[in-house]
1. Over segment 104-216, what is the mean sequence separation of C-alpha contacts under 8 Å (at least six apart), divided by residue count, expressed as relative contact order in percent?
2. So what's the gap between the Cα centers of segment 44-70 and segment 153-207, to the nearest angstrom?
3. Running a GNM on the chain with Cα contacts under 10 Å, which residue among L130, L69, L160 ends up with the highest mean-square fluctuation?
4. Please arrange Y234, Y223, Y11 by how many other C-beta atoms lie within 10 Å of their C-beta, fewest to most.
5. Taking the Cα centre of the chain as origin, work out the dipole magnitude from +1 charges on Lys and Arg Cβ and -1 charges on Asp and Glu Cβ, in debye rounded to 20.
6. Below 8 Å, C-alpha to C-alpha, sequence gap of six or more: please give me the relative contact order for the chain in percent.
7. Write down, largest first, the equivalent ellipsoid semi-axes of the chain in whole Å, where each equals the square root of 5 times an eigenvalue of the alpha-carbon gyration tensor.
8. By count of other Cβ within 10 Å, fewest leading, how are E13, E259, E155 ordered?
Amino acid sequence: MLSFNDLTKIYGERPALDHLSFDVPPGVVFGFLGPNGAGKTTAMRAIFNLVKLDSGDVTYNGATITKKLAKRFGYMPEERGLYSKMTVLDHLIYLARLHGVSASDAKSRAISLIEELEIKGGGGAKVESLSLGNQQRAQIAATLISEPELIVMDEPFSGLDPLSVEIVRRLLEDRARRGNYVLFSSHQLEVVEDMCEQVAIIDNGRLIVSDKTETLLSTQNQYVVNLVQNHVEYEDLLIDVEVVAKTKHRILFRSNSVEEANAIVGKFMSRGLVESFQPHRLRLTDVFRERIEEIRNGG
């Protein structure tokens, strides 16, 4: 378990981290969210002892993170840091060798990552000649070349087109399936919603919520009925039903139990009106906005 334990960091009079605590389990893709300036980068840098905390610490499976332990981790900052005059292949081999990987294994790993990330030029192109999207893929490859057991990425999808996002998504999901820790920050909430099993949201250095994505997106006791296009009037079926919202072809209602919800939908089905029926799910964008607004308004 990667644990953020009561992290506090103050710059001047402004807290970048304000008693921040949450856990990141292995084997899941974990999204780290918050507005600009929320403290995400400071918290991620604290994992690698790149920021001196005023109090609190980050532990890995209960152990304090030393320089030796941190060498087993991979960190990708938001700013690219590749040598522009080197070819991608040579750069990755160089970085792998710095981690003590043999020359043959370094080349094998580099070629595998270049292929997995579909980097243009097959690794023979210089970094400076690559498009911004391919430079981002090369930066991701540089983070993974040491085969880290903990992968930490700050905005890894920045500058990527939808195809590139899908490629990187598959790669990170694969690493999580292998049992690695995968923690990344992103403002692309639709990507986070699709791929992250758990998320933490912070604001002004404080934890707003940390939970499973499915739990955050579920809306308690709310259901959606999508009606067929050529339907008859249905208002009489809504008597004593708590309707949250409705249009001509969609009804969102609240029910006290699944059994009661099924009974309500059963009335619509008896008239052949139902096209589909499912529990109502929020979007992560809604959860993010509502939780941030709630805490800022003193909720």
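1. Working: 108 pairs, mean separation 22.7, N = 113.
Relative contact order of segment 104-216: 20 percent.
2. Cα centres, segment 44-70 to segment 153-207: 21 Å.
3. So, out of L130, L69, L160, the one fluctuating most is L69.
4. Details: Y234 16, Y223 21, Y11 10.
Going from least to most buried by this count: Y11, Y234, Y223.
5. Numbers: 35 positive and 41 negative charges, 232 e Å.
Once rounded to the nearest 20, the dipole reads 1120 debye.
6. On the way: 534 pairs, mean separation 61.5, N = 299.
21 percent.
7. Values: eigenvalues 383, 127, 51 Å².
Working from the Cα gyration tensor, I get semi-axes of 44, 25, 16 Å.
8. Values: E13 5, E259 9, E155 18.
With the sparsest Cβ surroundings first, the list reads E13, E259, E155.
None of the figures in this text is laboratory data; all of them are computed from the coordinates on show. Given the structure is predicted, the values throughout are model-derived calculations rather than measurements. Cβ coordinates were reconstructed from backbone atoms using ideal geometry, including for glycine residues, and neighbour counts include every protein chain displayed.
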